[in-house]
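Asker: Starting off with a structure, shown below.
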């Protein structure tokens with residue numbers, strides 16, 4: 001009986017590892033595809049409107065680690081106010097990222113010592129990883145004090161539809177503000193603030209529409225992005 005249980009456990013563990021590897025390969029293939037070269041540059045006015053409004057509370061001159069920095073929509077602006085280190089799992093994305101200090105790195109195994117950064121920041125990363133708790137714990141480990149999480153708001157109809165249609169975005173269907181708060185507190189973090197905001201989509205919003213959206217942009221429970229700022233207590 002013990003042998004059967006043991007073999008069954010090994011089968012489950014093997015299946016989990018295989019699923020994790022498949023998911024990582026799917027994400028890596030998605031983020032290294034050729035047409036990503038056509039993405040807007042971080043300096044584009046739409047990207048500026050998307051990014052700057054979400055980092056107003058970042059303390060200037062902080063040592064900040066950006067995990068899952070991609071091609072630098074936030075990196076470009078964070079570098080103006082922080083001592084930035086940008087990391088991403090995809091070599092292609094890091095090569096496109098304009099940050100001066102950048103590395104290829106797996107968010108589930110961050111290659112820095114404990115308490116290395118004042119702030120650890122992520123945007124649109126957690127809904128792409130298999131083990132969300134592991135990534136948050138790694139972010140917590142290397143942070144001295146604060147963590148910032150920005151993820152799509154599943155309660156927005158367009159975000160919900162996008163999650164349904166795109167396989168690599170499917171996990172975004174979990175990400176309500178309440179779910180994000182739970183993820184943070186479940187890993188021993190204390191919530192400092194949590195809001196839903198943003199009417200600008202970095203790669204989808206037409207430039208001609210930007211002046212109109214900026215007039216009505218702000219905090220609202222059905223807008224595109226959830227932002228949670230959490231504090232590390234120990």
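The values are calculated or read from the model by the stated rules, or taken from the named source; none is laboratory data. None of these values were measured; they are calculated from a predicted model. Cβ atoms come from the backbone with ideal geometry, glycine included; neighbour counts cover every protein chain shown.
Asker: So residue 73 ticks every box in (1) within 22 Å of residue 116 (Cβ to Cβ); (2) out of contact with any strand residue (DSSP E or B) (no Cβ under 6 Å at 6 or more places or on another chain); (3) modelled with pLDDT of 95 or more; (4) not in a helix (DSSP H, G or I) but one. Which box is left unticked?
Answerer: (1)
Asker: When only residues in segment 77-107 that are modelled with pLDDT under 95 and touching a helix residue (DSSP H, G or I) at 6+ places or on another chain (Cβ under 6 Å) count, which is surrounded by the fewest Cβ atoms within 10 Å (Cβ to Cβ)?
Answerer: It comes out as 90.
Asker: Moving on to the next point. Just to be sure, is residue 3 out of contact with any strand residue (DSSP E or B) (no Cβ under 7 Å at 6 or more places or on another chain) and modelled with pLDDT under 95?
Answerer: yes
Asker: Kindly indicate which of 124, 115 is at pLDDT 95 or above, in contact with a strand residue (DSSP E or B) (Cβ under 7 Å, 6 or more places away or on another chain), surrounded by fewer than 22 Cβ atoms within 10 Å (Cβ to Cβ) and more than 24 Å from residue 196 (Cβ to Cβ).
Answerer: Being at pLDDT 95 or above, in contact with a strand residue (DSSP E or B) (Cβ under 7 Å, 6 or more places away or on another chain), surrounded by fewer than 22 Cβ atoms within 10 Å (Cβ to Cβ) and more than 24 Å from residue 196 (Cβ to Cβ) holds for just one of 124, 115, which is 115.
Asker: Right, another one. Yes or no: residue 110 buried (at least 18 other Cβ atoms within 10 Å of the Cβ), part of a loop (DSSP other than H, G, I, E, B), in contact (Cβ under 8 Å) with a residue 40 or more places away in the chain and on the phi < 0 side of the Ramachandran plot?
Answerer: The answer is yes for residue 110.
Asker: Got a number for residues in segment 78-93 being within 16 Å of the chain's Cα centre (by Cα) and not in a strand (DSSP E or B)?
Answerer: Looking only at that region, the number is 4.
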